[in-house]
Amino acid sequence: MVELDHGGSFDDGNPNSTNLYVGNINPTVTEAGLCQEFGKYGPIASVKIMWPRTQEEKDKGNNCGFVSFMTRQDAANAIKSLDGKDLNGYALRVGWGKAVPIPAQPCFVLDKKAPVTKSGLPFNAQVSASAPGVVMPRAEIHVVKPVDINILRTIHRMIERVLVHGPLFEAMIMDREQGNPTFKFLFDNTSPEHIYYRWKLFSLSQGDTKSKWMDEPFQMFRGGPWWIPPELPVLDEHSEDPVFDTDDEVTEQDNVAKGTLGQIAKQRLAVLLKEVTFQRGTIARAMAFAIDHSEAATEIVDLLCKSITVADSPLSVKLARLYLVSDILHNSSVHVSNAWKYRKEFEDQLPVVFDHFNGIYRSISARLKAEQVRKHISVVIGVWEHWMIFPKYYTDQLTEIFLKKENGAQSVAGSSPVSDTVAIEDVAGEAFEDDADGEPMNEDEDVDGEPLDDVDGEPMEEDVDGEPMEDDSSVQQFEHINVHNKQETEALYTEVEDMFS
């Protein structure tokens, strides 16, 4: 019998159990994803992923969890169909688990309604008269979060960039990616993926966050269809994003010495620095944290510079964190107490950082790759000159440090050594080839490796990334890079390329 053939690791032999043990879960799969997969076999009573707590558990590379059904038969059908099934590249192990109480109402019921017919209305809105409190029929658009984690990450990465660069960025991607199925959601405005993309973009632009949004029906424009947002996620202590739990940090900050970060604030900064990539949103969030905590500018600058010069971090991460330095400097003139301190603190430490980049630059044997790194660094220095953040003699000094040719010499004491790993990586975090063949860099790899890895921690997603979309509400009060039109256009094209690097 099914019950005997599929005993799970937590099976107590109870013939009435409706609870299933699920092993070998891809770390990118969320509880919502399990609901979508297991919900095909019946209403779900409860779902729980045992998120790793220790580094040892994280190193295993897979998760486990439990899915409980409302009935024994539904659970048996799920075992029969899902044990050994591939889910995001991992073969699930599904067996019976210890019996758990069955609630009066299921926590998840998969919508098995017939395929939606073409209505001819914008976004294929459906006319419904069954909405609570609605007397007259109205057109409704039901937003459903995509289950495919790769599509979800792509959507979130697009949203992050469109929020920063505007509709021109979307138009450039659409012109470039016609016929690419990965970007089908941009062209088919009746698809669930496009509907989710439009809603999420609107939601974040209105001040909602990645994990919290207005869940009441609304109209994007007067007389238009009613949008029905997806249900808010139910987060537990392990799936909640610590970057946005600020109440404890505020309480702690009241009890720490002036000019220093509390332990929780340090942890937030560490998470933000870890998530920094070439994606504009990740840089903006870390910049906002720095400006908000300007009273601890000395400590923040020290931690940021050390995160750049640490020997084992990929070159792509180092460059992204240098862009973060640039963003903080650009916003150090805002009317926030102590923000001005960042210029002096960075002025003291940047020579060490550029000496570190010099070591990397000199270690690259492929001429084209080295030129790419030189261009990235030189653009940053050029922008600082344009903004007049530092005196001309100081930016000239940074250029001299970065481009010096003396082998083995260090112009600034205390510069961190450059590891072999860093020396052979390019700005996308991939290994350099031995020869300079002039071939373009691989554009199929993800810059941040993780996902928007986890945008939902479940990576926009990955970190989502990844990973991901984060709360940008605190960022909006700060201005962003605003150089003359030619530089802005070039930066936009660079951003398009970065999305595919």
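The values are calculated or read from the model by the stated rules, or taken from the named source; none is laboratory data. Please read all numbers here as calculations on a predicted model, not as lab measurements. We place every Cβ from the backbone using ideal geometry, glycine too, and count neighbours over all the protein chains shown.
Would you be able to say whether some residue in segment 58-73 is within 22 Å of the chain's Cα centre (by Cα) and among the hydrophobic types (A, V, I, L, M, F, W, C)? No, segment 58-73 has no match at all. What's the number of the only condition in (1) surrounded by 15 or more Cβ atoms within 10 Å (Cβ to Cβ); (2) part of a loop (DSSP other than H, G, I, E, B) that His194 fails to meet? His194 satisfies every listed condition except (2). When segment 38-57 is limited to residues that are modelled with pLDDT under 90 and of a type in the set (Phe, Trp, Tyr), the one that is nearest to the chain's Cα centre (by Cα) turns out to be Trp51. Put simply, of Val383, Val352, Val336, Val301 the only residue that is assigned to a helix (DSSP H, G or I) and under 30 Å from Leu201 (Cα atoms) is Val383. Counting only residues that are surrounded by 21 or more Cβ atoms within 10 Å (Cβ to Cβ) and of a type in the set (D, E, K, R), segment 355-369 holds 1 of them. Please work out which residue is nearest to Thr298 (Cα to Cα), limiting yourself to segment 316-333 and to residues that are in contact with a Phe, Trp or Tyr (Cβ under 6 Å, 6 or more places away or on another chain) and in a loop (DSSP other than H, G, I, E, B). The qualifying residue nearest to Thr298 (Cα to Cα) is Ser332. For segment 266-293, filtered to residues that are more than 17 Å from Ala339 (Cα to Cα) and among the small types (Gly, Ala, Ser), the residue that is surrounded by the most Cβ atoms within 10 Å (Cβ to Cβ) is Gly281. When each of Met214, Met174 is tested for being in a helix (DSSP H, G or I) and of a type in the set (A, V, I, L, M), the lone residue that passes is Met174. Applying the set (1) outside any helix (DSSP H, G or I); (2) more than 15 Å from the chain's Cα centre (by Cα) to Thr277 leaves exactly one unmet item: (2). Looking at segment 189-208, can you tell me whether even one residue there is closer than 15 Å to Val144 by Cα and either touching a Gly at 6+ places or on another chain (Cβ under 9 Å) or basic (Lys, Arg) (or both)? Yes, that holds for at least one residue. For segment 165-193, a residue qualifies if it is within 19 Å of the chain's Cα centre (by Cα) and closer than 15 Å to Pro229 by Cα, and exactly one does: Glu193.
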